[in-house]
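None of the figures in this text is laboratory data; all of them are computed from the coordinates on show. Since this is a predicted model, take the numbers as computed values, not measurements. Glycine also receives a Cβ, built like all others from the backbone with ideal geometry; neighbour counts cover every protein chain displayed.
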Amino acid sequence: MELLEQRIEEIERYLGIEDMDLAYFYKEDGEDLNKKSQVLEDFMRTAEDKCFCMKDLYQKYEKMEAFLKHSATFT
């Protein structure tokens, strides 16, 4: 338990919040876990959408490249 408390104190020092009043932190600067998890979920959805779009664009690019390289020329 003491090791865990030491690690928490070390993290607080690293973040610069070791002497900060917890009530002030929540009131002024902090986000609760629900807000943070919502932001993370939104980010994940956006990343999945972008990945889907990139995959779709890549497939279209491959088809166009194959058509231009291996098909008969336009007349």
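Observations on the model:
- The residue 23 and residue 49 beta-carbon pair, evaluated with R₀ = 35 Å, returns a calculated FRET efficiency of approximately 0.35.
- With the simple spin-label model, which puts each label point 7 Å out from Cα in the Cβ direction, the residue 62 to residue 37 separation comes to 3.8 nm.
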